[in-house]
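**Q** Take a look at the following structure, please.
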Amino acid sequence: MPHLSYIKRKPKPLGCEFKSVCDGSTGVCLFLETQEGKVRMARKMYTDTYPATTACTIRMLAKMGCSETNLPADKKLKRRVTADSWFASRKTVKACASELGVEFTGPVKTATRGFPAEAMRWTLSSMERGESICLKEVSDGPGELWAVGWVDVHFKLYITTHGSTAPGQPALKKRQRTDGRNYQIQVPRPKVLAQYQSEMGWVDRHNRYRQSMLGLSELWKTKRWQSRIQLEILGMALVDAFLLARHFMPKWRGQPDTDGVFWKFTRALLPQLTGTAAHESSSTGGHRGCVQVLIGKTPIKAGTNKGQLYAKQNRCSYCVANHRKEVKPNGTPSSRSPRTAYTCIAHPTVWICKAGRNQGCCWEEHLAAVAEDTSDDGVTDDDL
C-alpha cells in the first residue's frame, strides 16, 4: 500500500485515504488523489508555493483541466468550486482565483488566518436564527472576497468569491411533535448558501452508495492492496453509472436515495457486464445476476480457536418467512429456522439456504421472487 492512514472519525479508521472531487449537479466522482504520506506529498506540485491544503486543492483542479486563466472570455465557463472546511481558507480562495481563475465557496472552521472570524461571531451571537451578515474584504487586487455569516442552531461562517446575499430557498429542518409525528420548519438563508448546500455533500453520498450499500470490500476478500484499489474503482464506476442514469434517463430520473432503487439499477446492469442472459435461472446462476456467495468470514475472538476464521451465519430469510424449522440430528424439529452461511451477490441483505438444501426450494423461491419483482418494475436491458 502506498500509505496507510489512521483517521479516527472515519467508519473504518485504518486504510488508504483519497481526496476526491465530485460534480455538484450529478454527483459523479471526477478525480481522486491518493494520499501517500507526509514526505511524498511534500514533493508534489505547488507545495513549494502554498501550504499543503491549498496545494492539494490547486493540484486536483489543475489536473482535472479546470483552469480558465488562459481562455478567451467567450470560452470561460465560470466554474464554481464548493468545498468542505478542510479545503476552505483565505489562501486557498486567493490561489484558486490567481492560478485557475475559478470561483470558490466553503465553510471556515479552523483555517481562520486573514478571516474576520471573531468579529463575525460577536455580531452573530446577538442575531436571531435565519439572519445573516456579509463582510467584504478591502483589497486593491483583482476579484472580490466576501465573508458570510449565518445563524442556524449554531452560527456558521463561509468564505466566497461569488453569489448573492438576496434571500434564497429556505433550509428545511425536521422537527417532531409530542405525539411522535414529524413536521418541517423553514429557516431563511442567503441565496449563496442555498446554492452551496445544494451542491455540497456528493462525496459523502457517493461513499454511502459504494461502501455502505454496494460493499464490494466486504464480499470480495483479498490480501493484495492492488486488487482492493481496483475493486474500489470498479465500485466508483458502478455508482457513477447509477448517478448518471438517475440524472439523465427518464426511467431513473428523480428516483430517491434508497437501497431499493440502487439495487434495482444494479440488477439491471449486472447481466450487461457479465454477459448473463436477462432471465437466466438455474441452481448455480440466477436471474438478473443472482449468484449464491458466502456471507463472509470473521475471526474467532476468544477461546482455544482464537484468531481462526469461521463463516458468518444468519437465519434463512425464506425459511423464516415460510415457518420452516431446522431438523435436529436425532430427527426432531427445532424451534427455530435453519441457519445459513450463504447470501446472494445482488441481494446481500437476504440470507438463503445453500442450493440443494431443503430440496433447493429456498434458492428457487428467491429466484422466483426476484423475477416477479423485476417484471413488476418493467426492467429490461433496453431500459438501461
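Every number here is computed from the coordinates shown, using simple stated rules; none is lab data. Given the structure is predicted, the values throughout are model-derived calculations rather than measurements. Neighbour counts are summed over all protein chains in view; Cβ atoms, including those assigned to glycine, are modelled from backbone coordinates with ideal geometry.
**Q** Which ³J(HN,Hα) values, rounded to whole Hz and listed in residue order, are derived for the stretch 4-16 from phi using the Karplus coefficients 6.51, -1.76 and 1.60 in 6.51 cos²θ - 1.76 cosθ + 1.60 with θ = phi - 60°, glycine and proline given as x?
**A** Values per residue, Gly and Pro as x: 9, 10, 10, 10, 4, 6, 6, x, 10, x, 9, x, 8 Hz.
**Q** Mind listing the long-range amide H neighbours of residue 291? Cut-off is under 5 Å, sequence gap 5 or more, other chains count too, H placed in the peptide plane at 1.01 Å from N.
**A** Amide H neighbours of residue 291: 345, 346.
**Q** Putting +1 on Lys and Arg Cβ atoms and -1 on Asp and Glu Cβ atoms, find which of 3, 160, 134 reaches farthest to the positive end of the dipole of the chain.
**A** 3
**Q** If each residue of separation counts as 0.36 nm, what is the full-extension length gain between residue 48 and residue 144 once their alpha-carbon separation is subtracted?
**A** Details: separation 96, 0.36 × 96 = 34.56 nm, distance 2.58 nm.
So the chain would gain 32.0 nm between residue 48 and residue 144.
**Q** If you fit an axis through the alpha-carbon atoms of helix 52-63 and take the longest principal axis of the Cα set of the chain, what angle between them do you get, 0 to 90°, nearest 10?
**A** 80
**Q** Among 198, 335, what is the fewest-to-most ranking by other Cβ atoms within 10 Å? Don't skip to the end; give the middle numbers.
**A** Values: 198 13, 335 6.
The order, fewest Cβ neighbours first, is 335, 198.
**Q** Taking the Cα centre of each part, how many Å lie between the stretch 44-89 and the stretch 90-114?
**A** Between the Cα centres of the stretch 44-89 and the stretch 90-114 lies a distance of 9 Å.
**Q** How large is the charge dipole for the chain, taken about the Cα centre, if only the Cβ atoms of Lys, Arg (+1) and Asp, Glu (-1) carry charge, to the nearest 20 debye? Show your work: numbers first, answer last.
**A** Details: 57 positive and 36 negative charges, 345 e Å.
Dipole size: approximately 1660 debye.
**Q** With N residues in the stretch 66-139, what two-decimal value do you get for its Cα radius of gyration over 2.2 N^0.38 Å? Before the final figure, lay out the partial values.
**A** Details: Rg = 15.0 Å, N = 74, 2.2 N^0.38 = 11.3 Å.
Dividing the Cα radius of gyration by 2.2 N^0.38 Å gives 1.33.
**Q** Shifting gears a bit: What's the Cα-based Rg to Rh of the stretch 300-366, Rh via Kirkwood? List each step's numbers first, then the result.
**A** Details: Rg = 13.8 Å, Rh = 13.1 Å.
Ratio of gyration radius to Kirkwood radius for the stretch 300-366: 1.05.
**Q** Output ³J(HN,Hα) for the stretch 327-344: one whole-Hz value per residue in order, computed from phi by the Karplus curve 6.51 cos²θ - 1.76 cosθ + 1.60 with θ = phi - 60°, and x for Gly and Pro.
**A** 9, 6, x, 7, x, 8, x, 7, 8, 10, 6, x, 8, 9, 9, 10, 9, 10
**Q** Then there's this: Students often get this wrong, so check it: of 10/221; 109/174; 38/63; 38/297; 325/354; 136/191, which have C-alpha atoms separated by over 23 Å? Show your work: numbers first, answer last.
**A** Details: 10/221 21 Å; 109/174 25 Å; 38/63 20 Å; 38/297 35 Å; 325/354 15 Å; 136/191 17 Å.
Pairs exceeding the cut-off: 109/174; 38/297.
**Q** Another question about this same structure. So how strong a dipole does the stretch 84-200 carry about its Cα centre when Lys and Arg Cβ are +1 and Asp and Glu Cβ are -1, to the nearest 20 debye?
**A** Details: 16 positive and 12 negative charges, 106 e Å.
Around 520 debye, computed over the stretch 84-200.
**Q** Using the Cα centre of the stretch 207-278 as origin and beta-carbon charges of +1 (Lys, Arg) and -1 (Asp, Glu), tell me which of 266, 229, 207 is placed farthest towards the positive end of the dipole.
**A** 229
**Q** Dimensions of the chain along principal axes (Cα, Å, largest first)?
**A** So the three principal-axis extents are 88, 55, 52 Å.
**Q** Hey, in the chain, which Cys have no second cysteine's beta-carbon closer than 4.7 Å?
**A** Cysteines lacking a close Cβ partner in the chain: 16, 22, 29, 56, 66, 96, 134, 290, 344, 361.
**Q** Among 338, 369, 310, which residue has its Cα positioned farthest towards the positive end of the charge dipole of the stretch 292-371, with +1 placed on the Cβ of Lys and Arg, -1 on the Cβ of Asp and Glu, and the dipole taken about the Cα centre?
**A** Projecting each Cα onto the dipole axis, the largest value belongs to 310.
**Q** Moving on to the next point. Can you give me the convex hull volume of the Cα atoms of the stretch 5-147, divided per residue and expressed in Å³? Intermediate results must be reported in sequence, preceding the final value.
**A** Values: hull volume 24.3 nm³, N = 143.
Hull volume normalised by residue count: 170 Å³.
**Q** Hey, another quick one. With 15 Å as the cut-off, how large is the P(r) tail for the stretch 207-278, expressed as percent of Cα-Cα pairs? Provide the component values of the computation, followed by the final result.
**A** On the way: 1482 of 2556 pairs.
Of all Cα-Cα pairs in the stretch 207-278, 58 percent lie more than 15 Å apart.
**Q** Now a separate question. Can you tell me the Rg and Dmax of the stretch 84-200, counting just the alpha carbons, in angstroms?
**A** 15.6, 58
**Q** At 7 Å along the Cα-to-beta-carbon direction for both residue 181 and residue 197, put a label point, then send me their distance in nm to one decimal.
**A** For residue 181 paired with residue 197, the spin-label model returns 2.5 nm.
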